[in-house]
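Below: the structure, in structure tokens.
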Amino acid sequence: MTIWGGAVALRLRRLAFKVQAVVLGRVTAVVDAGPDPLRFGVGRSLRNRILSTPLASLQDDVTTSRESVTSSASALDSQQDLVLLVTRTLGTGGVETVVATLARELPQHGVRTVVLCEAGGMTADSLRRDKIEVVQAPDRETARDFIAGLPENALAQLHNAPDHLIEECIGRGLRVVPVIHSTDINLSADGWEREAWLTDMATVTIAVSQKVRSFHTRNMPRPAGAPIVVIPNGVKLAPLDPAERDLARAKLASVLKLELSGAIVFVCLARYDLQKNIPGLVASFLRAAEVRDDIHLVVAGPIEDWLEHALANSIRCSHPAASRIHLMGLGASRAILAASDAFILDSFFEGWPVAATEAAMAGLPLILSDVGGAVELVGVSGERGRLCENPAAPAESITLADIRRARRRAASQTNQPQIEQAVLDICREIDDWRARRVAMSASVSSWLSSDVMVEAHARLLRQVAGSRPVRT
């Protein structure tokens, strides 16, 4: 084929992907507006079956240090307070990470833990390997039988728990401590009434950020029946030394079959689903890639909905810089962060993003859309990165309708110029950011480490167990 013929073929290929992106965008809009069986359940299963494809992944064999925290023997002391950590699923994600951290580390603060979930997954398997009790109760009868055997003074901390588990805990007379992990953009008036009822039943409620707290306070039909206190999500991440970073970078280059020695690598650790806005991020990053030819974006995470991946990939493939956008599957977050230079997340909503917290602990500069926890993570003066407008609407008032509108213009969302400029700003200052990596990591560990988060939870739970008043 001649050079001219090759160029024509390439243009036709990009045009085909541009058309595909338009079609997939319309399919996405139909799915977004459809009933739950189309958005989730059977509809999602069918989409995943049709659209799934093998993805590259970076695993943790490149890392030189790992953490594994298990319950100490004293955790089995029957005189200690017992906290039931109640959640929906234990697959992968930020909520699962927080629940797993609390399950492993609360016993070191004199609080026994048992995890109760509706469905298991990778996190449940990991906890069981660490000898932590995980009970699955997919139905009300199973939940009732298990909860009936708990001591009367047990507490139930609720992490996005399903209704049947919440109701069985309250019906048993357990004191409940709900943890609000995000802004509930899909709640009806009845849903908000139920949220208010739950705070009435609670001894105290925990919000993971000030933005989450204000969002719920604003939307509930009446003032909360119990205090709402803020405890940010923390993570456990040992310092990354230069040798580990070099090894991880070489491994990433090998997996991607690229030379990355002179590249600036931005990473997004996120699920492919509505919340994380991967198609919008890809389109925005491509604008910056038109200006600089040394930048790469790596997206890595589990595929909740293959339609999200397909739309992001079609946007990617329709652009000349497609080869610098890498849509990977789930991998080891530590290894990927070690291999990267900056972190970026363009979500529609978050409570307090755990992946961004891990990135801050790794010393990476952050680019975040305005969601819960973003201001605190980036810093009021931007000392840890750049804050961009939310791609749909202000975080304090965002609705599902706002998100649906923004998703219909994934290729040109309103915050696209800000994302582009933030990427270019980080690139221009990359030598300084790299030099400050160790110092930034050390500066945030005093308030973002899992030790700080777990101690705050333990202190609050002990107050509840002792029936002491809780101050906001």
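Points to keep in mind about this one:
- Residue match in segment 388-400 (condition: free of Cβ contacts under 8 Å to residues at least 60 places away in the same chain and of a type in the set (D, E, K, R)): yes
- The residues of segment 298-354 that are within 18 Å of the chain's Cα centre (by Cα), surrounded by fewer than 21 Cβ atoms within 10 Å (Cβ to Cβ) and assigned to a helix (DSSP H, G or I) amount to a single one, Trp306.
- Residues that are part of a helix (DSSP H, G or I) and either among the aliphatic types (A, V, I, L, M) or on the phi > 0 side of the Ramachandran plot (or both) within segment 357-399 comprise Ala359, Ala360, Met361, Ala374, Val375, Leu377, Val378, listed in sequence order.
- Verdict on Gly43 being of a type outside the set (D, E, K, R), assigned by TED's automatic domain parsing to the domain that holds Gly280, at pLDDT 95 or above and farther than 30 Å from Pro178 by Cα: no
- Residue in segment 137-159 that is crowded, with 19+ Cβ neighbours inside 10 Å, modelled with pLDDT of 95 or more and within 21 Å of Ser333 (Cβ to Cβ) present: yes
- The condition (being within 20 Å of Val111 (Cα to Cα) and without any contact (Cβ under 8 Å) to a residue 40 or more places away in the chain) is satisfied by just one residue among Gly191, Gly225, Gly234, Gly173: Gly173.
- Of residues in segment 303-352 being in contact with a strand residue (DSSP E or B) (Cβ under 8 Å, 6 or more places away or on another chain) and charged (D, E, K, R), the one nearest to Ala243 (Cα to Cα): Asp341
- Conditions (1) assigned by TED's automatic domain parsing to the domain that holds Ala156; (2) crowded, with 22+ Cβ neighbours inside 10 Å; (3) not acidic (Asp, Glu); number of the one not met by Ala248: (1)
- Filter result (within 21 Å of Ile295 (Cβ to Cβ), surrounded by fewer than 24 Cβ atoms within 10 Å (Cβ to Cβ) and not basic (Lys, Arg)) within segment 373-387: Val378, Gly382, Leu387
- Taking segment 107-122 as the range and being among the polar types (S, T, N, Q) and modelled with pLDDT under 95 as the test, only Gln108 passes.
- Of residues in segment 88-118 being part of a loop (DSSP other than H, G, I, E, B) and either in contact with a Gly (Cβ under 8 Å, 6 or more places away or on another chain) or not assigned by TED's automatic domain parsing to the domain that holds His164 (or both), the one surrounded by the fewest Cβ atoms within 10 Å (Cβ to Cβ): Thr92
- Hits in segment 126-153 (condition: part of a loop (DSSP other than H, G, I, E, B), more than 29 Å from the chain's Cα centre (by Cα) and either outside the structural domain of Leu106 (by TED's automatic domain parsing) or not polar (S, T, N, Q) (or both)): Gly149, Leu150, Pro151, Glu152
- For segment 259-297, a residue qualifies if it is surrounded by fewer than 17 Cβ atoms within 10 Å (Cβ to Cβ) and part of a helix (DSSP H, G or I), and the qualifying residues are Glu290, Val291.
- Test: residue in segment 240-260 that is basic (Lys, Arg), in contact with a Ser or Thr (Cβ under 7 Å, 6 or more places away or on another chain) and under 22 Å from Ala442 (Cα atoms): no
- Asp370 being outside the structural domain of Ile185 (by TED's automatic domain parsing), surrounded by fewer than 22 Cβ atoms within 10 Å (Cβ to Cβ) and not hydrophobic (A, V, I, L, M, F, W, C): no
The values are calculated or read from the model by the stated rules, or taken from the named source; none is laboratory data. If you're wondering where the values come from, they're calculated on a predicted model, not measured in any experiment. So basically every Cβ, Gly included, is an ideal-geometry build from the backbone, and we count neighbours across all protein chains shown.
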